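The values are calculated or read from the model by the stated rules, or taken from the named source; none is laboratory data. Every value quoted in this text rests on a predicted model; they were computed, and no experiment measured them. All Cβ positions, glycine included, derive from the backbone under ideal geometry; neighbour counts span all protein chains shown. Note: areas computed on protein heavy atoms with side chains; ligands, DNA, RNA excluded. Shrake-Rupley method; radii C 1.70, N 1.55, O 1.52, S 1.80 Å.
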2 protein chains.
Amino acid sequence: MSYIPAELIKKKKNGESHTEDEIRWIIRAYTNNELPDYQMAAWAMAVWFRGMNEHEISVFTAAMRDSGNRFDFSKLKSPRIDKHSTGGVGDKTSLIIGPILAAAKVHVPMIAGRGLGHSGGTLDKLESISGFRVNLTREEFQKSVEENYFALMGQTHDICPADRKLYALRDVTSTVDSLPLICGSIMSKKLSEDLTGLVMDVKFGSGAFMKSLADAQALSQLLKTTGEKNGIDVTVVISNMNEPLGRFSGNSVEVQECIDILSNKTFVEHDFDFYEPTRRLSVELAGHMLYLAKKCDSPAEGASLAESLVQSGAALTEFKLFLQRQGGDWQAELPRAQHSDVVVAAKSGILQSINTELVGLAGIELGAGRKKSEDKIDHTAGIETCRRVGMRVTKGDIIFNVFANSTAGFASAKNLLLSAIEIGDTQPKELLPLVAKVLM
Amino acid sequence: MSYIPAELIKKKKNGESHTEDEIRWIIRAYTNNELPDYQMAAWAMAVWFRGMNEHEISVFTAAMRDSGNRFDFSKLKSPRIDKHSTGGVGDKTSLIIGPILAAAKVHVPMIAGRGLGHSGGTLDKLESISGFRVNLTREEFQKSVEENYFALMGQTHDICPADRKLYALRDVTSTVDSLPLICGSIMSKKLSEDLTGLVMDVKFGSGAFMKSLADAQALSQLLKTTGEKNGIDVTVVISNMNEPLGRFSGNSVEVQECIDILSNKTFVEHDFDFYEPTRRLSVELAGHMLYLAKKCDSPAEGASLAESLVQSGAALTEFKLFLQRQGGDWQAELPRAQHSDVVVAAKSGILQSINTELVGLAGIELGAGRKKSEDKIDHTAGIETCRRVGMRVTKGDIIFNVFANSTAGFASAKNLLLSAIEIGDTQPKELLPLVAKVLM
């Protein structure tokens with residue numbers, strides 16, 4: 001069956017729903033370059049205004065998954081569980097979660113991404129480890145997941161080519177911020193991993209893509225429904241990104257934080273363990289994954305199991321094995337920045353808020369992220385957040401430490417960080433918890 | 001000043017207004033192929049949803065006018081008045097109006113179009129006259145308007161190239177039916193004629209682009225405001241296209257109707273002069289043009305003057321001179337179709353309505369219009385409408401005569417025409433007048 005593209009655009013423009021056949025045709029024709037960019041752009045804008053219903057989103061997602069190659073782990077006959085986050089600042093839980101799940105003998109086929117905008121990327125973090133390879137072949141990845149439980153790779157060109165093409169188009173046509181299109185983009189890639197279950201970490205707050213809890217909840221519900229309609233269990237953890245997660249944001253500094261946590265270290269200052277949020281969120285997400293993998297009878301039991309696997313050192317052992325398998329030099333020191341500087345409180349009072357997106361953008365200025373996709377990053381660059389929202393500070397106290405191999409970005413990064421913090425006289429009114437909501 | 005296209009699309013998508021500089025940049029960049037089709041398509045769809053305010057539309061229209069060459073009649077120091085219709089079936093008034101205005105010594109620089117969709121085009125009608133040339137050079141056209149008052153040509157590639165490009169894009173991205181974009185497309189071309197005044201004939205009804213009077217009024221107001229903001233007087237006549245205008249629709253048959261009217265002939269059947277609607281609308285439109293040209297003190301006086309110029313034969317003389325100037329053979333017989341057939345009433349009763357778009361589409365089946373822009377047309381093909389809405393008909397009465405040089409389209413044309421008419425037992429409830437409203 002073939003369609004007249006303008007008629008399909010008109011249908012969506014007028015607020016009607018597409019049939020499964022129509023959506024599959026759109027994605028197939030776009031992937032094959034039969035539907036030109038200008039018609040896809042008009043359609044995407046019509047979707048931005050009119051949305052898609054659950055059935056349309058489910059089919060759209062499946063059609064994007066089917067636009068390329070997908071993994072097949074069916075011969076395992078045991079659960080495959082992944083965790084995926086919508087992106088934030090200092091969000092490093094994948095590096096702790098993968099080893100925990102491997103220690104519990106749960107398969108985790110994790111296809112990860114690079115930093116995007118102000119948010120960091122798992123691939124970039126791992127590449128701060130000397131020798132680490134993210135570009136596994138499909139065969140290496142498949143074999144490693146089967147034999148070693150946890151493997152991680154970057155997205156290849158043959159996975160979801162429709163999404164790759166559409167994402168690039170959305171970026172230049174201002175159609176990124178559409179819930180159905182976001183949902184399809186995230187879930188098509190996850191569905192291509194042939195999972196049985198997925199834990200989504202949907203971030204909300206100043207450092208997240210979704211600024212409000214309500215928007216995060218709407219996306220969460222869509223992600224859950226779309227995954228389930230395509231045959232996988234989905235748990236969504238809606239977590240707080242109104243502050244950077246844990247102590248560090250950057251690349252090698254985040255890896256260091258993970259190794260410290262897996263080594264059961266703490267970092268207590270001003271009566272607060274700055275490693276605690278990362279550890280807690282990692283353990284909670286891992287708990288949900290273990291529950292989906294039927295390794296326990298509740299997510300709470302799963303979290304206890306995860307915690308014990310960290311405490312025993314089993315997860316650290318799995319992390320070392322994981323690094324070795326993918327070429328990483330476990331013995332080598334992590335690279336450290338040659339320069340550092342501080343951002344201090346301009347006045348005394350109580351820290352009201354941290355605009356976490358600005359912290360992410362400051363990281364880019366330091367070289368921890370990219371302004372253009374071709375840019376090279378400085379793996380040592382990063383930021384240490386030394387105070388938490390609600391803490392009392394005195395004028396001159398250090399709020400952030402900044403690190404990099406070049407001081408070129410220090411001035412602009414420090415300016416951004418100064419403008420990111422607000423200091424007032426009273427306790428900030430609303431402090432949402434680290435995990436605001438769970439959809440199971 | 002340069003802009004990031006995605007930011008401009010985002011602005012419109014979010015319902016904000018563009019600055020003059022932004023709109024001029026969009027049109028300039030699109031004309032120069034610096035703004036790709038996919039971004040223009042997303043912007044056009046955002047405009048479809050969000051609209052543009054009067055200032056934006058005015059600037060958008062001026063920017064499209066300025067994308068190419070425009071005429072300059074300023075050395076004339078006397079009014080230049082054109083008439084433009086939004087398109088209908090049997091709408092042939094230009095061929096009567098041009099000669100009337102020339103007889104009144106008013107300059108009419110008329111750039112006309114071809115048939116589009118179900119509606120006919122003035123160029124196609126005139127080309128049914130042996131030898132008639134519509135492709136004047138700019139210089140020939142300019143000189144003829146200056147010396148002979150009335151000249152007519154087709155749009156050239158150097159007039160409003162932005163509109164030409166955007167119109168083709170809108171056609172394939174379902175963004176044709178947007179009032180601001182329609183207004184810009186129509187008015188940019190009219191503004192390029194360097195007019196002092198314009199009479200717009202905005203059609204409403206089943207054979208018009210705007211089906212409802214309300215939609216026609218909205219477009220009318222936009223056209224008037226946009227023209228006036230760009231320095232020309234605009235009168236809008238909102239006229240009824242719920243029946244084909246007058247006796248014939250097609251090409252040579254419409255020219256014949258015009259010559260008959262300019263020769264003061266009538267065609268009375270069933271107590272109705274089927275030439276009367278065409279004559280009346282032409283005279284009324286010409287009256288408004290004469291008023292804008294300050295040849296009289298009111299449109300009604302203008303209509304009287306126009307009527308007298310037809311009655312005296314002065315307009316017919318001008319029509320002959322016009323044909324001769326552009327190579328038309330006035331002596332030759334108009335081509336006549338080799339075949340004809342009839343569509344008869346399937347039952348007795350009162351003619352309730354004529355779906356006039358279907359009459360236009362039946363004309364295309366006969367060969368009077370084009371399915372694809374490359375198609376050649378049969379200038380003899382056409383339809384005679386033999387009954388008017390509200391007339392009593394008896395089963396077997398002829399409602400339409402169809403003509404063409406090939407009978408290939410007769411079956412499908414007759415089917416369309418049969419389905420276009422509705423016959424009932426009572427008088428149709430609402431019969432709007434030929435001219436429903438005038439905006440002055």
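Each other copy places its own label point for A:LYS211 at 4.1 nm from this one, sorted shortest first, where the point lies 7 Å along the Cα-to-beta carbon line.
Put simply, when A:401-413, B:340-352, B:114-126 are sorted by average Cβ atoms within 10 angstrom per residue, most first, you get B:114-126, A:401-413, B:340-352.
Got a sec? Which residues in the range B:332-353 would a label at B:ILE398 touch, if it sits 7 Å along Cα→Cβ and we count backbone N under 18 Å? Flagged as within label range: B:336-347.
For the protein assembly as shown, the solvent-accessible area works out to 39 Å² per residue, with a probe of 1.4 Å and every protein chain left in place.
Contact order, relative form, for the range B:284-440: 25 percent (alpha carbon pairs under 8 Å, 6 or more residues apart, mean separation divided by residue count).
Legend: distances between Cα atoms for A:LYS10/A:LYS190; A:LYS189/A:LYS414; A:LYS371/A:LYS437; A:LYS203/A:LYS294; pairs beyond 29 Å are A:LYS10/A:LYS190; A:LYS189/A:LYS414; A:LYS371/A:LYS437.
Inter-chain Cβ neighbour count for A:9-21, averaged per residue, equals 2 (cutoff 10 Å, partner chain atoms only).
Antiparallel beta bridges, as assigned by DSSP with both residues in the protein assembly as shown, represent about 55 percent of the total such bridges. Roughly how many Å is it from the Cα centre of the range B:366-440 to that of the range B:146-194, as a whole number? Each part reduced to its Cα centre gives a spacing of 28 Å. Summed over both chains, the contact between A and B buries some 1700 Å² of accessible surface at a probe radius of 1.4 Å.
Sorted shortest first, the separations between the A:ASP297 label point and its copies elsewhere in the assembly read 10.2 nm; each point sits 7 Å from Cα along the Cα-to-Cβ line. Counting Cβ atoms of other protein chains within 10 Å of each residue's Cβ and taking the mean over peptide A:32-39 gives 4. To the nearest Å, what is the center-to-center distance of the range A:200-258 and the range B:47-97, using C-alpha atoms only? About 53 Å separates the Cα centre of the range A:200-258 from the one of the range B:47-97. Measuring nothing but protein heavy atoms, the accessible surface of the protein assembly as shown at 1.4 Å probe radius is 49 percent carbon and sulfur. In percent, rounded to a whole number, the relative contact order of the range A:265-360 is 13, using alpha-carbon pairs under 8 Å and six or more apart. Of the residues in the range A:40-75, those shielded by at least 40 Å² of accessible area once partner protein chains are present, compared with the chain alone at a 1.4 Å probe, are A:ALA42, A:MET45, A:TRP48, A:PHE49. The lysine pair tally for the range B:49-137, using Cα distances under 28 Å and a gap of 8 or more places or different chains, is 9. Counts of other chain beta carbons within 10 angstrom of each beta carbon in peptide A:174-181 average 3. Based on C-alpha pairs under 8 angstrom that are at least 6 apart in sequence, chain A has a relative contact order of 19 percent. The residues neighbouring B:SER353, those whose beta-carbon lies less than 9 Å from its own, together hold a net charge of -2 under the Lys/Arg +1, Asp/Glu -1 convention. In terms of its alpha-carbon gyration tensor, the range B:284-440 comes out oblate; a/c meets the 1.5 threshold, while b/c is at least as large as a/b.
Each other residue within a Cβ distance under 12 Å of B:THR137 adds +1 if Lys or Arg and -1 if Asp or Glu, for a net charge of 0. Model label points for B:GLU430 and B:GLU54, set 7 angstrom from Cα along the Cα-to-Cβ axis, are 2.7 nm apart.
Please give the calculated 222 nm ellipticity per residue for chain B, where each DSSP H segment of at least 4 residues contributes -39500 (n - 2.57) and the sum is spread over every residue; nearest 500 deg cm²/dmol?
Details: 16 runs with 191 residues, N = 440.
Calculated mean residue ellipticity at 222 nm is -13500 deg cm²/dmol.
Using the Cβ-Cβ distance between A:SER373 and B:GLU228 with R0 set to 60 Å, the FRET efficiency from 1/(1 + (r/R0)^6) comes to roughly 0.80.
Give me the net charge of B:GLU193's neighbourhood, meaning all other residues with Cβ under 12 Å from the Cβ of B:GLU193; Lys, Arg count +1, Asp, Glu -1. Surrounding charge for B:GLU193 is +4.
Modelled label positions at B:GLU7 and A:GLU333, each set 7 Å beyond Cα in the direction of Cβ, lie 4.3 nm from each other. Note on B:ILE350 and B:ARG28: their simple-model spin labels are 6.1 nm apart, each label 7 Å out from Cα toward Cβ. For the protein assembly as shown, rounded, prolate or oblate, judged on the Cα gyration tensor with a ≥ b ≥ c (square roots of eigenvalues), a/c < 1.5 rounded, else prolate if a/b > b/c? Since a/c reaches 1.5 and a/b is larger than b/c, the shape of the protein assembly as shown is classed as prolate.
Would you kindly work out, in nm and rounded to one decimal, the distances from the label point of B:GLU147 to those of the same position in each other copy, ordered shortest first, with label points 7 Å along Cα-to-Cβ? Label point to label point, same position, other copies: 9.2 nm.
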